[in-house]
Amino acid sequence: MLWLGSKLGTSGPTGKNGSVEDLMYSSLISKIEKAKRYAEEPERISFRSFEVAFRGDNGTHAVSLKGDDWTCACEHFHTSGLCAHVMTLQRMFAAHLTDNARYTQEHVPA
């Protein structure tokens, strides 16, 4: 998109602040710096939902998070409500999960 201004003949000086391209590059640099700062502050981000294909030792399983509720297509999750696939994602994304999503209780049969 930066080249479009030159093609339309708007690349000339815009006054004492410089050319349109200079202002656009300055704005882009500012956005990049902001993105770097945000990336160093993971607490700014929290997952509300996502779905992944998890390649485990015994096959690939669909694992998802919706709100604070996890689901996994593996057999162990269906019997106990927790599995290695969910626990792995809880560890990997702990900084981005609510406490309820980060810590899940296994359903132990009585």
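Rounded to the nearest 20 debye, the dipole size of the stretch 49-102 about its Cα centre is 120 debye, using +1 on the Cβ of Lys and Arg and -1 on the Cβ of Asp and Glu.
I'd like the FRET efficiency for Ala95 and Asp22, computed as 1/(1 + (r/R0)^6) with the beta carbon distance as r and R0 of 22 Å, rounded to 0.05. Each step should come with its number before you reach the end.
Working: r = 37 Å, r/R0 = 1.70.
It comes out at approximately 0.05.
In whole percents, the pair-distance distribution calculated for the stretch 49-102 from its alpha-carbon pairs, binned every 10 Å from zero, is 26, 61, 13. Sorted ascending by nearby beta carbons within 10 Å, beginning with the fewest, His76, His107 become His107, His76.
The numbers here are math on the coordinates, done by the rules we state, and not lab data. As the structure is a prediction and not an experimental result, all values here were calculated from the model. Because the Cβ atoms are built from the backbone with ideal geometry, glycine has one as well, and the counts that use them run over all protein chains shown.
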